[in-house]
Amino acid sequence: VDPRIVALQKRACARGVIGLAGGLPATELLPRDELARVLADAATHHAVALTYDWPEGVAQLRAWIAGRLSARGATVDAQQVIVTSGAQQALSLIAMAHRGTQIAVGEATYPAAIAAFERAGVDVVADDADAHYVMPGVSNPRGVDLVEPQRAWWLERGALIADEAYTELRFDGRISRPLVADAPARVWHVGTLSKTVSPGLRVGWLVPPLREHQTLLDLKEAADLQTASVTQQAAALFLARFDYDAHVERSRRHYQARAARLCEALRRELPYARFAEPEGGFAAWVELDEPGDEIGLLGEAIAAGVTIDPGRAFRPRDAPSASSFRVSFSSAPIEDLAEGAHRLAVAVDRWLTRGARASRRRS
Ligand SMILES: Cc1ncc(COP(=O)(O)O)c(C=O)c1O
C-alpha cells in the first residue's frame, strides 16, 4: 500500500476522526468474556498451548475447519488443513508457491492480497491468467458476490484462490457451496476467524490442492514454524464451547443495520456517486465519474474529519478506472455513520472544486 496513504491514515487515527477506513470488526461484537475465559483455560489446562506444536496446527481446530467445509459439500479431511497466522499468511504462502506466474485479481481487490502476491514475485494482472483470486459470497471492496452468479464460468478458469474471509457475513445468511467442493485439485481454499470472531487471534487457514500440501507445509514452517499455539488452542476451545453460528448470525444483523444506515446517508449526501448496496461484509465501494488524485481525496476527507480508503490501493497496477474509494460501516459507532457521510460529501465537494481549478489552470 502506498506509504502516503498509511501516513495519512495514521495521522487521522491520532486525531480521532470518524473512521470509515479499514476492515475492522465492531468492537462491541468481539466476544471478550468468552475469549478471556478460553485464553486463560488454554494457558492453565493445555500445556501444548504454551509450547511448540506442529506446523500444520492444532488438531481440534483443523477438524472443526474440515467439518464445516464438509457440511457445505466439500470432501476435506482434517489432514489437509493448514492453520495459518490469519488468512493473510495463507495468501502469502500461496503467493510464494506461485512465484514467477501470473495471478488475476479483477479490477478492484483486497490490497494486501495484491501486496502479498507482488512481494512474492507474482505478476498481478486484472484478468486472464493461470490463477484467479476470488472472494466467494462477499468480495472486498465491492461488498457483493462476484462468484456465485457466474460459478460455472469461474470453475472453468485454471487455479482458483478462494478467499472466504467474508463469506459467512452475507446478510442473507446464504452460504454457497465452497469452490473446493467442485474443483479440489485446482482450488486453494482460504478462511479466517478474523472477521467473525477476532482478528487479534490471528487464526486463519489454508486448504491447498492435495499435491501441493507438503510444499505449503514446508513454506509455512520456514515462515514461522507454526501459528501461535495459545491462540489456536483458545480458538479451538471457543468453537467447542460457544455457539459460533449464533454469534455469526448476530454479527450479520449488526452489520446489515450499519450498512443500511451508511447507504441511506450516502444516497442523501452523495447523490451523484455510484455504489452497490453491500450484500455482506464490512464496506461499500463508491465510484465517481471524475478521474482525479484519490490520495488528495483522502487528504480532503481527513481535513473534513473522516477517513476512507482511496481506490488506488485496491487496483492492480495500470488497471484503468474512474475515481473510487471504499467506505467501511463495520467499526465506527452507528450513530456516527450519517455524520461521516456528510463530512465525506464536504470533502468530495472540495476535492472536485480543487480538481476543476487545477484543470482550468492547465488549459
Ligand atoms: C478479503 C480479505 N482476505 C483476507 C484478509 C486477512 O484477514 P486475516 O486477519 O485473517 O489475516 C482480509 C482482511 O482485511 C480481507 O479483507
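The values are calculated or read from the model by the stated rules, or taken from the named source; none is laboratory data. Note that this is a predicted model, so its numbers are computed, not measured. All Cβ positions, even for glycine, are placed from backbone atoms using ideal geometry, and neighbour counts span all protein chains on display.
Structure above, values below:
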read-out	value
Residue in the stretch 137-156 that is surrounded by fewer than 17 Cβ atoms within 10 Å (Cβ to Cβ), within 27 Å of Glu277 (Cα to Cα), modelled with pLDDT of 95 or more and of a type in the set (Phe, Trp, Tyr) present	yes
Residue among Arg202, Arg186 that is touching a residue at least 12 places away in the same chain (Cβ under 8 Å), basic (Lys, Arg) and within 11 Å of the ligand (Cβ to nearest atom)	Arg202
Residue within the stretch 130-137 that is within 15 Å of the chain's Cα centre (by Cα), closer than 19 Å to Ser70 by Cα, of a type in the set (Ser, Thr, Tyr) and within 16 Å of the ligand (Cβ to nearest atom) present	no
Selected residue [outside any strand (DSSP E or B) and in contact with a strand residue (DSSP E or B) (Cβ under 8 Å, 6 or more places away or on another chain)] from Ala313, Ala284, Ala301, Ala319	Ala301
Residue match in the stretch 201-224 (condition: surrounded by fewer than 22 Cβ atoms within 10 Å (Cβ to Cβ), outside any helix (DSSP H, G or I) and out of contact with any helix residue (DSSP H, G or I) (no Cβ under 6 Å at 6 or more places or on another chain))	yes
Wholly within the stretch 1-107, helices (runs of 4 or more DSSP H) carrying at least 2 residues that are of a type in the set (D, E, K, R)	3-15, 32-45, 59-71
Identity of the residue in the stretch 107-128, in contact (Cβ under 8 Å) with a residue 60 or more places away in the chain and small (Gly, Ala, Ser), that ends up farthest from the ligand (Cβ to nearest atom)	Ala126
